[in-house]
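As structure tokens, the structure follows; a few thoughts come after it.
Every number here is computed from the coordinates shown, using simple stated rules; none is lab data. The structure displayed is predicted, hence computed values, not measured ones. Quick reminder, even Gly has a Cβ in these numbers, built from the backbone with ideal geometry, and neighbours come from all protein chains shown.
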């Protein structure tokens, strides 16, 4: 059974690694039920997770980045490699999952979390220098890119409350084979894969525009 290990939210903290001077990448587990809602357009905040904030609204937030999920299994592999503890939320994820292949999830796949919230997988997370600065690991962007286990951004199809321990059920799987991992690889260094992304109808419009511009 796939389920949520934790639901995580972050508040702004000072940083030297962002043009904004603050970041909310450091998420921490929240106890009890947390409301998941459809956020406002890109350029506004908060996110789709109650109590969570996004600082750099130029690149983060909006309906196509309403929620960010990362698998505990992937965190555990990083923890073993880095030789340090990596608690839920440390990668900036709102949902730390267990028993769910996030990298293998297809763009457009839908998850029912608990009894109410339905979220749709729409894009991989692309690492940035704020993420690297937060982790404090040498060459982090390249290492994260090479591993190609980026976690998934989700849009909110049906709002609802979620909490740690809720079951995550895949309730819709699209017919194409464009996974989060494949989309990440295409966007970060394997341009031969870019045409395949166009088969994913749920791919965010901005991402689709990027793909089309690179194919010209």
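Worth pointing out:
- Residues of region 178-202 satisfying the condition of being touching a helix residue (DSSP H, G or I) at 6+ places or on another chain (Cβ under 9 Å), assigned to a helix (DSSP H, G or I) and surrounded by 14 or more Cβ atoms within 10 Å (Cβ to Cβ): 182, 183, 184, 185, 186, 187, 188, 193, 194, 196, 197
- In the set (1) surrounded by fewer than 21 Cβ atoms within 10 Å (Cβ to Cβ); (2) in contact with a strand residue (DSSP E or B) (Cβ under 8 Å, 6 or more places away or on another chain), residue 175 fails one condition alone, (2).
- Hits in region 74-104 (condition: under 12 Å from the mean Cα position of the chain (by Cα) and on the phi < 0 side of the Ramachandran plot): 91, 93, 94, 95, 96, 97, 102, 103
- Options 32, 92, 51; residue that is closer than 25 Å to residue 160 by Cα and touching a helix residue (DSSP H, G or I) at 6+ places or on another chain (Cβ under 9 Å): 92
- Region 48-104, residues that are surrounded by fewer than 19 Cβ atoms within 10 Å (Cβ to Cβ), without any contact (Cβ under 8 Å) to a residue 40 or more places away in the chain and not in a loop (DSSP other than H, G, I, E, B): 73, 76, 79, 80, 81
- Scanning region 124-159 for residues that are touching a residue at least 12 places away in the same chain (Cβ under 8 Å) and at positive phi gives 148, 151.
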